[in-house]
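Engineer: Got a structure for you, written out below as structure tokens; questions coming shortly.
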Amino acid sequence: MSPPPELVSKNRFLGFLIWQTFTSTTIYFLTKLFLLAFFTTPKFSPSQLCFSLLKFFTFTFSNLLFSSSLSILSSPQSLPYASPLQLAAGLVRFAFVSSPAEPEFRRRALVSARFVVFVVVSGISGALSVVCLCGFDGFELIARLGFRGFVFGVLYGLFDVYKKRWVLEFPIIQYLNWIVIENEIWVLDNVEDQCNCILDAFIGLLLKMDFGVLMMRRTYVRIRALDNVEDQCNCVLDFCFGLLLKMDCVFLMRKTCVRIVTRPLFYSFKMGLPLAIKRALKLSNVAYLFLAVLQVFLPEQFKSGGTMGQFITEQIILYIGSFSVVFCWELSHHLHQVLHTKRFLFAPPKGSAAAETNPSEPLLAALEESIPDSLPQYLAYLDLCMVCENNVDTWRRAAFFEETGETYKRVVAACLRPLEQLASNLSEGLEGCFVDKAHQLSNQLQSPTDSQWDSRHCEPLNNFQKYAWCARAVASLTAWSHEEDRFGVAQLTGSNAAVTSTLISSLLAVEAFMGKKTSLQPQHLMGPAAIKWNTPNIGRRDAVTTKKQGGPLHAKAYAMADVLRTSVYSIVSTFHDEMFTSTKAGLLEKDWVLKSKPLFGTYELLVQKLHHFLDFRAN
């Protein structure tokens, strides 16, 4: 039986602490035995052994403290926080006005408090770790090293908060439509086979083989000699395409089967090791230079004493200790990402009694009962997207199309709910942006910082990953219903119309948010062969936005629009013949667009946009 969603997060957190303890212990002993041994004189005595054990356990505790604070701070999405000025204003209002704080302010203040706690814990962990690694002899030396370690840890914590490294980055999945499973693929174990693989990749490029791709981090494929040259070229071409992109990928080829196997933790650990070393060197160098400058302004008791040789030795030991601590933290970041974003199967074991009766219930429970925007819910949407898009878990996807249609309706509703929320939030923001020409000119003269549009509507797009999974999952499930829906539940429940209406409405809202005109196009402006004549501005735009085209918010909106557009096209390309027949009979709107008022736009606008998709003119 699949564990409850809350237990999934708890187990991954405990697993993360175990692996982090193993890596920090290894780094501690390697640093002590092979780096710091050249600059220290070992002493063998019972008291020294006790001190050594105390230093080791303190170092382990400090790293566990850092890892725990990182897990508490981490989130699948970027969370809004209160700036120091907003916090000060809120405290003054609470102290003098005695009015209760708004829920939104409390939520942002709590996130800011988590930032402060993480930075302070990083400083404490840095102080303890540097003292344990670099020295434990004399109170004056402990105070000096502890202060430097604390400043070093605070700098590292501020860097993590500023770069938003606490946000979990899930695997990047791209897909095409694949066909049937025929052959099995095994692994390339030696350099000779890898070189032959690259050579065959160029042959495949010359042959211009048709292939589909599924790219996913922290997974691998097993490759074996296939039956014919065409399949071999397709297989090797797809495999090496990921190597050229420097991605850790899995590839699905048409007419070729790939068995997706989760990569063991050791391989994921090995992939992140070079980057962790490189980043640890950079951060330790910057921190060391900052501490060297800061030392000039410190009191005498915090400065190094003794001869020049002792000073140089102390600086080398401090640099090695700082690098080792940062290296531990970087590996903690990498392990945290790997373990928490790894796909989890919300399904009973295949062949069990639960798998035969109701295999979709664990997944549906995680989608419906998990805390919104929590890690278990994100993992559930990732699992749903993988089930709907590929041919690996076909028995789980077949269970969605059970005879009553209740499971299918619940899956579709779970996917459409976030998209409806996105369209509703953007629609509410766009309602206040209808302006006439005079106001358009004044808005165009404003800088992007003069408008509050971005700050008020950046939060909905922070859930881009979940929205993308929902759109792709529900579109793939609708497309698969064309072949796998034996009972016709997709048509009988009216889900097809709900899916296309929600996807198109969300697309229109995102396009309007980007500043694109989304009003109805008069039919007399369409020339022969569906050519749209260029006309002057004959009225007001739907909305005026004042953001830079190259900003991060525009990039998220552009990516979201691309996902929604691709999702609609996947449905239209699968049901193109049926839609074309319905268009001739005048039933396209009845079968594929809901009559109720959409969340954004109008019924006529949705129908016109669907016709554009049917004619492959939507862009």
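Engineer: Sort 330-340, 351-361, 577-587 for me by packing, meaning the mean count of neighbouring Cβ atoms within 10 Å per residue, highest on top.
Structural biologist: Values: 330-340: 21.5, 351-361: 14.5, 577-587: 12.9.
Result, highest mean Cβ count within 10 Å first: 330-340, 351-361, 577-587.
Engineer: Students often check this: by mean Cβ neighbours within 10 Å, which of 559-565, 289-295 ranks highest, and how do the rest follow?
Structural biologist: Working: 559-565: 20.4, 289-295: 12.7.
Top of the packing list down: 559-565, 289-295.
Engineer: If you take every residue apart from Ser69 with its C-beta less than 11 Å away from the C-beta of Ser69, what net charge results, scoring Lys and Arg +1 and Asp and Glu -1?
Structural biologist: Numbers: positive: Arg114; negative: Asp160.
Its environment carries a net charge of 0.
Engineer: Given H placed 1.01 Å from N in the peptide plane, which residues other than close sequence neighbours of Phe575 have an amide H under 5 Å from its amide H?
Structural biologist: none
Engineer: Could you tell me which of rounded, prolate or oblate describes the range 305-432, using a ≥ b ≥ c as the square roots of the eigenvalues of the alpha-carbon gyration tensor, with rounded for a/c under 1.5 and, failing that, prolate when a/b is larger than b/c and oblate otherwise?
Structural biologist: Details: a/c = 4.93, a/b = 2.11, b/c = 2.33.
The shape class here is oblate.
Engineer: What shape does the range 575-619 take by its C-alpha gyration tensor, where a ≥ b ≥ c are the square roots of the eigenvalues and a/c under 1.5 counts as rounded, a/b above b/c as prolate, and the rest as oblate? Don't skip to the end; give the middle numbers.
Structural biologist: On the way: a/c = 2.55, a/b = 1.32, b/c = 1.93.
It is oblate, given that a/c is not under 1.5 and a/b is not larger than b/c.
Engineer: On to the next question. When you count, for each residue, the other Cβ atoms within 10 Å and take the mean per peptide, how do 406-417, 159-170, 374-385, 9-20 rank with the highest first? Before the final figure, lay out the partial values.
Structural biologist: Numbers: 406-417: 20.0, 159-170: 15.2, 374-385: 23.8, 9-20: 16.9.
Most protected by this proxy first, the peptides run 374-385, 406-417, 9-20, 159-170.
Read-outs: derived from the displayed coordinates by stated rules, not from any lab. Keep in mind it's a predicted model, so treat the numbers as computed, not measured. Please note: Cβ atoms are built from the backbone with ideal geometry, for glycine as well, and neighbour counts cover all protein chains shown.
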